[in-house]
Amino acid sequence: MRNILLLTAVALYSVACASTTPAPNRPQIPPLNPPHLADAQQFQQDLQDAYTKILTRSDKPAPDVAVVDIEAAASIPIPQHRTIDSALRLFTVDMKESIQTSLLRSARYRALIDKALAEQKLPKGLAYLPVIESAYLTKLTSTAGAHGIWQFMPETAREYGLRVDWWVDDRADPERSTRAAAAYLKDLHRMFGDWSLALAAYNCGPNRVKQSLDNNGATTFWELLDAAALPKETRGYVPTFFATLLIASDPETYGFTLGKSVERDNDKRVEVRGPVSLDYIAEVTGVDQDVLRELNPALRRGVVPPGRGTVRVPAKVAETLASRADTLRDDDAYVKVCTFRLRKGDSVKRLARAIGSKPETILAMNNLDSPNQLGSGDTIYLPVRARELGALLAHSDDRQFYYAVKKGDTLYSIAKRHGLSVAELREMNEMSKGTAIHTGQKLRVASSRTLTAGGM
């Protein structure tokens, strides 16, 4: 009885959303007069109530009703096209195990996705787009550089307000990336006025879709598909999304199980002053480090970055963490970050060599494109513990701090080579005017350094 009721509901909305030509591999149900789509939720509830009453009269306890998402399928018209049926066969045979895993994993995020979609007044069915994007894996990165549940490229992510840098990658944050994805999908639909085209643009970019429409005199995605006028991946992307919607609307018939949506109300965001490591937060709160890392996948280095930032923790420890929000960084012995004040003669290249890092890393963590953006007196971050930096500098190559005088050198030529004035060079070496230099003599050419733990 349960299957008959649920399949009837699916058939009703399929008839309302698609043509009457039956798909060869979809369940065939005798067509009924469909209710208006606006009544979909009430109709589904009526069916569930009727089924419960039938079970009650049988004097047997009512079993758990299988999780289905009829509203998702009803929210976006599902076309009839051979490629959708091919995708359905692919998912139910060759890729069944991976699709099943993805559908179960979706339960962790559907509540927050549904909320973001509702705020933007978008179709509920879009909650299943990550099935074909990322399988809801927060840290998945494509070969092209797309990242996170919604597989944002860095440029698009930043355009929609996500932070993507050395410290943080908000593309991995389910909540923030979902809000950005909802905003992007809304813009794409406003641009094309059609969900098939909007989804194609989400995959290959709106400019590519616009150009293909213009070049082919087409008005629909399906015309572009038949003309092979879009990338192969995009031509498969849209049909597989619709196949996913069909499965979500009636998973049992297709041999799948849809997990129950889980509300994320057991954790909270707490604002702290960084840099502070998740390792130290774990120590302070008593929360397992792996749990914190799972709750904060956007923190690429396991560190809340300098300045004001938020960290997600179990709700039960939120108050404990908040009470130390401003002092954590001062006591954090784990954080592998310190600040460093540049003096004349210092360079990113030399510092990188001294601490065993790369110049590119130092530039990236300071959001710099070139070492030329730095000068004497600037304070930068280095990827090393403060207590270790002094020893690393002391034992680094003397050539970073001293210069051996060569034949023909003058104080002026040595000072100029190291970005100093003659007066500064004399002062560093406690030389009075008129003091001569000789070949082989070691002169200090870099000043002592100032370093502190934590923020600026």
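Each reported figure results from applying straightforward, stated rules to the coordinates on display, with no laboratory input. This structure is a prediction, so every number in the text was calculated from the model and none was measured. Neighbour counts are summed over all protein chains in view; Cβ atoms, including those assigned to glycine, are modelled from backbone coordinates with ideal geometry.
Miscellaneous remarks
- Here the 3J(HN,Hα) profile of the stretch 311-321, calculated from phi with Karplus coefficients 6.51, -1.76 and 1.60 at θ = phi - 60°, is 10, 8, 9, x, 4, 5, 10, 4, 5, 4, 5 Hz, Gly and Pro shown as x.
- Two-site FRET efficiency, Y402 against M191, from Cβ-Cβ distance with R₀ of 60 Å, rounded to 0.05: 0.45
- In the stretch 209-296, the ratio of gyration radius to Kirkwood radius, Rg to Rh, stands at 1.28 when only Cα atoms are counted.
- Hypothetical label at E119: residues of the stretch 166-192 whose amide nitrogen lies under 11 Å (7 Å Cα-Cβ projection): 175-183
- The stretch 322-369 and the stretch 80-135 have Cα centres lying 42 Å from one another.
- A crude spin-label estimate for the pair E283 and A325, with each label 7 Å from Cα along the Cβ direction, gives 2.3 nm.
- Stretchable slack from S413 to K260, in nm (0.36 nm times residue separation minus alpha-carbon distance): 47.7 nm
- Estimated from the Cβ-Cβ distance and a Förster radius of 45 angstrom, the FRET efficiency linking D94 and T379 is about 0.20.
- 3J(HN,Hα) couplings calculated from phi for the stretch 235-243 with the Karplus curve 6.51 cos²θ - 1.76 cosθ + 1.60 (θ = phi - 60°) are, in sequence order, 5, x, 5, 5, x, 5, 5, 5, 4 Hz; Gly and Pro show x.
- In order along the stretch 251-265, the Karplus-derived 3J(HN,Hα) couplings, from 6.51 cos²θ - 1.76 cosθ + 1.60 at θ = phi - 60°, round to x, 5, 4, 8, x, 10, 10, 9, x, 6, 4, 10, 7, 8, 10 Hz, and Gly and Pro are given as x.
- Inter-site label distance for A391 and A227 at 7 Å from Cα along Cβ, in nm: 6.8
- Estimated from the Cβ-Cβ distance and a Förster radius of 45 angstrom, the FRET efficiency linking V291 and S86 is about 0.60.
- The Cα-based radius of gyration and maximum Cα-Cα distance (Dmax) for the stretch 267-331 are 10.0, 25 Å.
- The distance from the alpha carbon centre of the stretch 158-177 to that of the stretch 409-436 is 48 Å, rounded to a whole number.
- Distance-filtered residues of the stretch 404-418 - backbone nitrogen under 13 Å, label point 7 angstrom along K433 Cα→Cβ: none
- Lysines with Cα under 16 Å of K349, excluding same-chain neighbours fewer than 8 positions away: K358
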